[in-house]
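The values are calculated or read from the model by the stated rules, or taken from the named source; none is laboratory data. Note that the structure is a prediction, hence the values are computed from the model and not measured. Note that we place each Cβ from the backbone using ideal geometry, even for glycine, and neighbour counts take in every protein chain shown.
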Amino acid sequence: MKPLTQAEARLYSPLALAFLGDSAYEVMVREYLLRKANQPAAKLHEQKVQLVCAPFQAAAAERLLPHLTEEEIGVYKRGRNANNTVPRHTAAQDYHKATGLESLFGYLYLMGAQERLEELFQIAINAEEMSAEK
C-alpha cells in the first residue's frame, strides 16, 4: 500500500493508530527474537511476552522520548492521553504509555517510515539487552 503523508496519518484516532502499531511492534519483536537465536516456538513466545507487555513498552517509551521529533512526541502524547479502558492486571500509567508507543509505531508504519521504526525499535531493544546482562 502507498505510504500516507503526515497530514493523512494524523487523521486517524490515536487508538486506531495504536491498533496498527501494536501489531507492527509485535512483528518487529518476533523478527528480532527469531534472528537472535533459533529456538523452540514456546521459548520464543515466552521471550516475546516479556517485550510486548505494557510495563516493558512503558519503559521503552520513556527511553525513546529524548530521541523523538516534536511531531513524534505529539503523536505519542495523543496516544498516551487517549481515553481507553485499562486492563485490571496492568498499571494505568504503564498502559497509557504503552498505548502512546503503539500509536507512534502505527503512525510511522502508515507513513512507510521503516528506517525510523527500526531506529526507535533498536533503542528500546538495546536498553533491554543491557539490563538483561546486569
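So here's what we get for this one:
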| read-out | value |
| --- | --- |
| Among residues of the stretch 1-23, those that are crowded, with 19+ Cβ neighbours inside 10 Å and either on the phi > 0 side of the Ramachandran plot or small (Gly, Ala, Ser) (or both), counted | 3 |
| Matching residues in the stretch 24-36 - criterion: being more than 11 Å from the chain's Cα centre (by Cα) and either surrounded by fewer than 16 Cβ atoms within 10 Å (Cβ to Cβ) or over 21 Å from Ile123 (Cβ atoms) (or both) | Glu31, Leu34, Arg35, Lys36 |
| Residue in the stretch 118-133 that is part of a helix (DSSP H, G or I), in contact with a Gly (Cβ under 9 Å, 6 or more places away or on another chain) and not basic (Lys, Arg) present | no |
| Identity of the residue in the stretch 62-93, in a loop (DSSP other than H, G, I, E, B) and of a type in the set (Val, Ile, Thr), that ends up modelled with the lowest pLDDT | Thr85 |
| Verdict on Thr85 being loosely packed, with under 13 Cβ neighbours inside 10 Å, under 24 Å from Pro3 (Cβ atoms) and either among the β-branched types (Val, Ile, Thr) or within 11 Å of the chain's Cα centre (by Cα) (or both) | no |
